[in-house]
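Written below as structure tokens is the structure these notes are about.
Values in this text are rule-based calculations from the coordinates and carry no lab data. The structure displayed is predicted, hence computed values, not measured ones. Cβ sites come from the backbone with ideal geometry, for glycine too, and all protein chains shown count toward neighbours.
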Amino acid sequence: MVSTPRHVRSFADLSDDEVGGVALAWRERSRVARGAGFPYMHALLNEGREAGASLPHSHTQLAWLKEEPPAVLAEEHGGDCSVCRHLEAELESDERLILERDGLVLLAAYGGRLPYELLIAPRDHTEGSAFESELLAPALALVSESLRRLRALEGPAPVNAWLHDRGHWHLEVLPRLTVFAGIELGAGIYVNSLAPEDAAAALGEGGS
């Protein structure tokens, strides 16, 4: 799904209105998908060849799925909300918080797999679908802003981002500044050379 008719290469270059257009398109297509018998929509951004992008023009993709994917199923279900617990701890420590805006929190991911991995989530608990939430467009705007801040620090970088739309929905942003090798792919042990606290400090300064 093309993000804008303007020729831009990065989601970071979208205007607020264009980001709002992406959110609207996601919402409308998710309704069509549900009506066609696909209850779960996996929304994602691949940017840059190293991140699997198929086009240089900024675009997002929507995968219509018959059931939730394994990565979503693996997240804690039932009982206390794991996202709420995580946000409460992060906001209390304030070490990895980059900013709060419009009822959303932008964090440097605790134990991120690669440098500058980010988490964007509504501050307050939500059970509704992100595709129907008024916070979807502001959340995507935070993706765009975080990529602009990252570009100011590191230059253009390939990136993957995706939406987990179950329970307390959230967006994960994974810049591809380094590559996964045998330890990550074979053992599931991720070697990240940048502490998330340092990433949060750098990205926070990038918006000041």
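Some notes on this structure:
- Each residue in 190, 116 was given a count of other beta-carbon atoms within 10 angstrom of its own, and listing them fewest first yields 190, 116.
- Using only side-chain charges placed at the Cβ, +1 for Lys and Arg and -1 for Asp and Glu, the dipole size of the stretch 39-94 relative to its Cα centre rounds to 460 debye.
- The stretch 63-108: radius of gyration over Cα atoms, expressed as a fraction of 2.2 N^0.38 Å: 1.47
- Computed over the alpha-carbon pairs of the stretch 84-150, the distance histogram in 10 Å steps reads 20, 54, 26, 0 percent, short to long.
- Leading residue at positive end of dipole, the stretch 1-137 (Cβ point charges), from 38, 122, 93: 38
- All-pairs Cα distance distribution in the stretch 1-84, expressed in whole percent, bin size 10 Å: 16, 36, 35, 13, 1
- Surface/4 of the Cα convex hull for the stretch 143-199, nm²: 5.2 nm²
- The chain: proportion of alpha-carbon pairs further apart than 20 angstrom, %: 57 percent
- Put in order of Cβ neighbour count within 10 Å, fewest first, the listed residues 131, 180, 11 become 180, 131, 11.
- Order of 64, 169 under a 10 Å beta carbon neighbour criterion, fewest first: 64, 169
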